[in-house]
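Chemist: The structure is given below, and queries will be raised subsequently.
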Amino acid sequence: MKVAVNARWLIPGKLEGTGIYTLKMLQQIILAFPEHIFFLLLDRKVEFDSLGLNFSNVNFIVVSPIARHPILWKVWNDFSVPKKLKTIGADLYWSPDGLPAQTPIAQWITIHDLNFEHHPEWIKSNVAKYYRKNIKRGARIAAKLFTVSNWSKNDIVSSYGISKEKIIVTPNAPQREFSPGKSRFTNNYFCAVGAIAPRKNLITLIKAFDRWCSQNTEQKHTLKIAGAELFKDLDFQYDLQRLNHSSRIEWLGRLNDNDLEMLYRGATAYCMPSAMEGFGIPLVEAMQCGTPIIASKNSAIIEVVGESGLLLPTYNVDAWTQGLQKMISEYDHWSQLSLKRGDDFDWEKSAQPFIDALKE
């Protein structure tokens, strides 16, 4: 069988959630099917050797144009990819980013979440419009549909009217196994990890931290935030200017996985105030380091954290302020719960439902 894959999120050194999912799933899937030929379709040339996909039955193919805009996504998905699928004689096309191709070939689609349906204001309007049209179409035409949590599965069922039996859950896991240990980061701090965007709701955490600093003048914790800014948010910038303790917030930018592990290990707590998550990979990374978890009580976050972390009302600054102090006084308790929960996630288990489906 010839299996083609939308692999355009495989950008070494810049893997986001979809890229991590694509890479780690492929490492398990390709290994399980040495008799199949896999064609990984990218929109740019990358350092293939660094991806850990150096199998004899794997072919990397660059398909133009570089698709980083809705207009170019349309060209790539509706014209360039279908042409390439026909050329290579693909039997199956898997798109891990939810976007289908205009092709008669059987398609398997992974949809991570539907944040663009419920909150289109969280992303650029042209991106939301493209996603709402095409991901919905992908869900309906897919021969098999995958997602990363039971919460997302139920949301897809209710939002798109898709049969529950059609959807297979393949949960996320860390980009590699993380572990407790020493950290290169010193002094006491809380941390947050993720793209700086409205959906991540960082402003609730930041306001809570600012209030906590005012209420606990003897404590010297800082707040370290790792992640790249997706686009300018004027309201966010305005709120930052009104803080009393902005000097105690450290913006670390994008970190590689080794630096992330160091960040988690040394933190009093990992904080995820996100307003919606289809999964939340950093939660598991932090838990595997034994880092206590404070997170919003919503979406798939509840499913991933369970009772192993402190779940708080998403926008309640007072609750988050109290939560920060609670983690200081109850660190050992939450650390043990976190470490135990982190063992529940790995890519071998996550990929097995996909492998079972392909065996059929």
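Chemist: Scan region 68-109 for residues that are small (Gly, Ala, Ser), closer than 18 Å to Trp9 by Cα and either in a loop (DSSP other than H, G, I, E, B) or in contact (Cβ under 8 Å) with a residue 24 or more places away in the chain (or both) and report the count. It would help to see each step written out before you state the result.
Modeler: Narrowing region 68-109 to residues small (Gly, Ala, Ser): 80, 89-90, 95, 98, 101, 106.
Next, from what is left, pick out any that are closer than 18 Å to Trp9 by Cα: 80, 95, 98, 101.
Among the residues that remain, those that are also either in a loop (DSSP other than H, G, I, E, B) or in contact (Cβ under 8 Å) with a residue 24 or more places away in the chain (or both) are: 95, 98, 101.
Total satisfying the criteria: 3.
Chemist: Among Thr217, Thr222, which is the only one that is touching a strand residue (DSSP E or B) at 6+ places or on another chain (Cβ under 9 Å), without any contact (Cβ under 8 Å) to a residue 60 or more places away in the chain and polar (S, T, N, Q)?
Modeler: After ruling out the rest, the residue left standing is Thr222.
Chemist: So the check is Cβ under 8 Å with 6+ separation or different chains; which pairs have a first residue in region 154-167 that's free of Cβ contacts under 8 Å to residues at least 60 places away in the same chain and over 11 Å from Leu114 (Cα atoms) and a second one that's small (Gly, Ala, Ser) and surrounded by 11 or more Cβ atoms within 10 Å (Cβ to Cβ)?
Modeler: Listed pairs, sorted by first residue: Ile162/Ala139; Lys166/Ala142.
Chemist: Same structure, new question: Check whether at least one residue in region 32-52 is at negative phi and touching an Asp or Glu at 6+ places or on another chain (Cβ under 8 Å), and report yes or no.
Modeler: From region 32-52, those at negative phi are 32-51; that's our starting set.
If we keep only those that are touching an Asp or Glu at 6+ places or on another chain (Cβ under 8 Å) too, we end up with none.
The answer is no; no qualifying residue exists.
Chemist: Something else about it: Of the residues Lys144, Lys124, Lys200, only one is in the same structural domain as Lys74 (by TED's automatic domain parsing), farther than 30 Å from Leu358 by Cα, of a type outside the set (Asp, Glu) and in contact (Cβ under 8 Å) with a residue 60 or more places away in the chain; which?
Modeler: Testing whether each residue is in the same structural domain as Lys74 (by TED's automatic domain parsing), farther than 30 Å from Leu358 by Cα, of a type outside the set (Asp, Glu) and in contact (Cβ under 8 Å) with a residue 60 or more places away in the chain leaves just Lys124.
Residue-by-condition table, conditions (1) under 17 Å from Asp318 (Cβ atoms); (2) modelled with pLDDT of 95 or more:
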{"residue": "Arg176", "(1), (2)": "no, no"}
{"residue": "Cys191", "(1), (2)": "no, yes"}
{"residue": "Arg199", "(1), (2)": "no, no"}
{"residue": "Asp239", "(1), (2)": "yes, no"}
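Chemist: Could you check, for region 304-314, whether at least one of its residues is assigned to a helix (DSSP H, G or I) and closer than 30 Å to Ile168 by Cβ?
Modeler: yes
Chemist: Taking into account only those residues within region 332-360 that are in a helix (DSSP H, G or I) and over 26 Å from the mean Cα position of the chain (by Cα), which is farthest from Ile281 (Cα to Cα)?
Modeler: Lys359
Chemist: When the residues of region 271-296 are narrowed to those that are more than 19 Å from Val148 (Cβ to Cβ) and of a type outside the set (Val, Ile, Thr), which ends up surrounded by the most Cβ atoms within 10 Å (Cβ to Cβ)?
Modeler: Among residues in region 271-296 that are more than 19 Å from Val148 (Cβ to Cβ) and of a type outside the set (Val, Ile, Thr), the one surrounded by the most Cβ atoms within 10 Å (Cβ to Cβ) is Cys271.
Chemist: Looking at region 29-58, which of its residues are closer than 19 Å to Pro12 by Cα and either out of contact with any strand residue (DSSP E or B) (no Cβ under 6 Å at 6 or more places or on another chain) or surrounded by fewer than 14 Cβ atoms within 10 Å (Cβ to Cβ) (or both)?
Modeler: If the condition is that a residue be closer than 19 Å to Pro12 by Cα and either out of contact with any strand residue (DSSP E or B) (no Cβ under 6 Å at 6 or more places or on another chain) or surrounded by fewer than 14 Cβ atoms within 10 Å (Cβ to Cβ) (or both), then Asp43, Arg44, Lys45, Val46, Glu47, Asp49, Ser50, Leu51, Gly52, Leu53, Asn54, Phe55 are the ones that fit.
Chemist: Count, please, the residues in region 200-234 that happen to be assigned to a loop (DSSP other than H, G, I, E, B) and among the charged types (D, E, K, R).
Modeler: Summing the residues that are assigned to a loop (DSSP other than H, G, I, E, B) and among the charged types (D, E, K, R) in region 200-234 gives 4.
The values are calculated or read from the model by the stated rules, or taken from the named source; none is laboratory data. This is a predicted model, so every value here is computed, not measured. Here Cβ is always computed from backbone atoms with ideal geometry, including for glycine, and neighbour counts include all displayed protein chains.
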